[in-house]
Amino acid sequence: MDKPHFYSLPKLPYGYKELAPFMSEEQLRIHHEKHHQAYVTGANALFEKLEQARKAGGELDMKAALKELSFHIGGHLLHGLFWENLAPAGKGGGGKPAGVLGAAIDKEFGGFERFQKEFTQAAVSAEGSGWAVLSWCRMSNRPLVMQIEKHNVDVCPAFPVLLALDVWEHAYYLDYRNMRAKFVEAFWNIVNWAEANRRFTALLKSAAA
């Protein structure tokens with residue numbers, strides 16, 4: 001009998017060589033095929049474990065199982081967002097945000113340069129393994145820069161992510177060794193603002209419906 005299927009590794013919207021020189025083929029391939037795949041595999045294994053325990057009426061350490069499941073699902077979801085908000089330099093990557101997202105960033109931060117500085121500081125100063133993200137607060141209708149530890153700690157509930165930057169060492173070590181700041185600097189050359197603006201536009205439409 002086939003094992004139950006829950007999640008799968010998404011295909012990248014660009015080739016493994018297309019983000020160079022800011023992200024090498026080797027770095028991108030290992031990050032996508034090994035690290036992201038590990039979160040997919042881990043989440044699916046936990047779902048299967050939960051399903052088997054329910055069928056057999058067995059007991060599980062739910063605190064440990066759900067904590068691990070949250071870690072793997074968070075890793076899968078954030079990596080999916082991360083791949084989509086990257087694009088080859090000069091072919092959709094780099095530049096400044098436009099559209100409704102650009103306007104929202106200008107209004108909140110006083111301009112792109114200030115936003116870029118705050119986001120960069122969030123990415124560089126994230127403790128250990130984590131993320132810097134641009135999210136949206138539905139209650140105040142304002143963009144918010146957040147740090148996420150690991151994949152699932154310090155996440156503000158129901159704050160949709162518009163832009164995500166992975167600052168785990170596995171995201172940059174082959175290319176930049178321990179120089180996270182250099183990786184963050186390179187990120188601005190391959191950030192896909194069109195995708196971030198698309199997410200934000202869809203969010204606004206959904207809220208107005």
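Close amide H partners of TRP136, meaning residues 5 or more places away or on another chain with modelled amide H under 5 Å apart, are LEU144, LEU162.
Counting 0.36 nm for each residue step from CYS156 to HIS35 and taking away their Cα separation leaves a gain of 41.1 nm. Of the options (i) 1.08; (ii) 1.48; (iii) 1.14, only one is Cα Rg over 2.2 N^0.38 Å as computed from these coordinates, and that is (i). Per-residue SASA remark: GLU185, around 120 Å² accessible (1.4 Å probe; ligands, DNA and RNA not included).
In this simple spin-label approximation, ARG177 and ALA45 carry label points 7 Å from Cα along the Cα→Cβ vector, and these lie 3.3 nm apart.
At an R0 of 30 angstrom, the distance between the Cβ atoms of ALA103 and ALA209 translates into a FRET efficiency of 0.90.
Restricting attention to the stretch 26-118, the count of lysine pairs at 8 or more positions apart or across chains with alpha carbons under 18 Å apart stands at 5. Judged by the ratio a/c of the largest to the smallest principal axis of the C-alpha gyration tensor, the stretch 1-94 counts as prolate, that ratio being 1.5 or greater while a/b is larger than b/c.
Here the stretch 168-199 and the stretch 62-112 have alpha carbon centers that stand 11 Å from each other. Other residues lying with their Cβ under 12 Å from the Cβ of LEU12 contribute a combined charge of -1, Lys and Arg counting +1, Asp and Glu -1.
Ordered by 1.4 Å accessible area with all protein chains kept, GLU127, GLU59, GLU33 run largest first as GLU59, GLU127, GLU33. List the residue ranges in the chain for DSSP H helices whose C-alpha atoms run 24 angstrom or more along the long axis and whose Kyte-Doolittle average is 0.0 or above. Qualifying helices: 62-84.
Length gained on full extension, ARG138 to GLU118, computed as 0.36 nm times the residue gap minus the Cα-Cα distance: 5.1 nm. For the chain, modelled as a GNM whose springs connect Cα atoms under 10 angstrom apart, the maximal fluctuation among SER140, SER24, SER70 occurs at SER140. Segment LYS67..ARG198, full-extension length gain: 44.0 nm, with 0.36 nm per residue of separation and the alpha-carbon distance subtracted. Bridgeable aspartates and glutamates around LYS11 (alpha carbons under 20 Å apart, same-chain partners fewer than 8 residues away excluded): GLU25, GLU26, GLU33, GLU84, ASP166, GLU195. Using a ≥ b ≥ c from the Cα gyration tensor of the stretch 113-209 (square roots of the eigenvalues), is it rounded, prolate or oblate, where a/c under 1.5 gives rounded and otherwise the larger of a/b and b/c decides, a/b for prolate? It is prolate, given that a/c is not under 1.5 and a/b is the larger ratio.
The values are calculated or read from the model by the stated rules, or taken from the named source; none is laboratory data. All values derive from a computational prediction rather than experimental measurement. So basically every Cβ, Gly included, is an ideal-geometry build from the backbone, and we count neighbours across all protein chains shown. For accessibility, only protein heavy atoms count, side chains too; no ligands or nucleic acids. Shrake-Rupley method; radii C 1.70, N 1.55, O 1.52, S 1.80 Å.
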